[in-house]
Amino acid sequence: MTPSATHLVLIPSYNPGEKVFETVRAARAHWAPVWVVVDGSTDGTAAQLTALAAKDPGLEVFVHERNRGKGAAVRAGVAVARGRSVAYMDADMSIDPHVVPDLLAALETHDLAIGSRSLPQSMVESTYVVRTV
């Protein structure tokens with residue numbers, strides 16, 4: 001991984017399948033740089049993401065050879081990040097990437113910003129039962 005500019009969005013992933021490519025495309029449409037930490041995936045996405053990153057200077061891919069867990073993937077990205085702020089989002093796009101710039105803007109004046117789908121003012125549209133229970 002290489003140091004970032006002002007803001008960095010980190011996407012930890014483990015066997016994300018095709019959904020990670022949609023997430024990366026959406027994330028890259030809203031900001032740069034985007035880093036994906038592939039955490040020991042066995043589904044072939046590490047090689048595909050690495051090939052994609054070779055064509056996109058705003059995308060970095062870091063690969064853990066074995067699964068260490070989401071926390072380890074986030075820590076690995078944050079540990080080498082340089083810049084004013086780092087945000088992370090899940091590979092399954094459980095939040096809409098267009099709201100991440102709002103989170104990054106909050107970090108301009110605060111040390112920490114947390115997005116939550118649980119707040120009363122949150123606008124969550126989901127048909128994924130696990131995310132709504």
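Assess whether ARG68 counts as being free of Cβ contacts under 8 Å to residues at least 40 places away in the same chain, touching a Gly at 6+ places or on another chain (Cβ under 9 Å) and either aliphatic (A, V, I, L, M) or under 25 Å from ALA105 (Cα atoms) (or both).
no
A residue that is touching a strand residue (DSSP E or B) at 6+ places or on another chain (Cβ under 7 Å), farther than 19 Å from PRO101 by Cβ and not charged (D, E, K, R) cannot be found anywhere in segment 21-36. Contact annotation: residue pairs with Cβ atoms under 7 Å, 6 or more positions apart or on different chains, pairing a residue in segment 27-55 that is part of a loop (DSSP other than H, G, I, E, B) with a partner that is at pLDDT below 95 and β-branched (Val, Ile, Thr), are TRP31/VAL9; TRP31/VAL100.
SER126: open to solvent by 40 Å² or more (accessible area, probe 1.4 Å), part of a loop (DSSP other than H, G, I, E, B), hydroxyl-bearing (Ser, Thr, Tyr) and modelled with pLDDT of 75 or more, yes or no? So SER126 fails the test.
State whether one or more residues within segment 75-87 are in contact with a strand residue (DSSP E or B) (Cβ under 7 Å, 6 or more places away or on another chain), among the β-branched types (Val, Ile, Thr) and open to solvent by 50 Å² or more (accessible area, probe 1.4 Å). Checked segment 75-87: at least one residue is in contact with a strand residue (DSSP E or B) (Cβ under 7 Å, 6 or more places away or on another chain), among the β-branched types (Val, Ile, Thr) and open to solvent by 50 Å² or more (accessible area, probe 1.4 Å).
Tell me whether segment 3-16 contains one or more residues that are open to solvent by 30 Å² or more (accessible area, probe 1.4 Å), of a type outside the set (A, V, I, L, M) and at pLDDT 90 or above. Yes, segment 3-16 contains a residue that is open to solvent by 30 Å² or more (accessible area, probe 1.4 Å), of a type outside the set (A, V, I, L, M) and at pLDDT 90 or above.
The values are calculated or read from the model by the stated rules, or taken from the named source; none is laboratory data. On a predicted model such as this, the values are computed, not experimentally measured, just so you know. Cβ: placed from backbone, ideal geometry, glycine included. Neighbour counts: every protein chain shown. Side chains included, ligands, DNA and RNA excluded: accessible areas come from the protein's heavy atoms. Shrake-Rupley method; radii C 1.70, N 1.55, O 1.52, S 1.80 Å.
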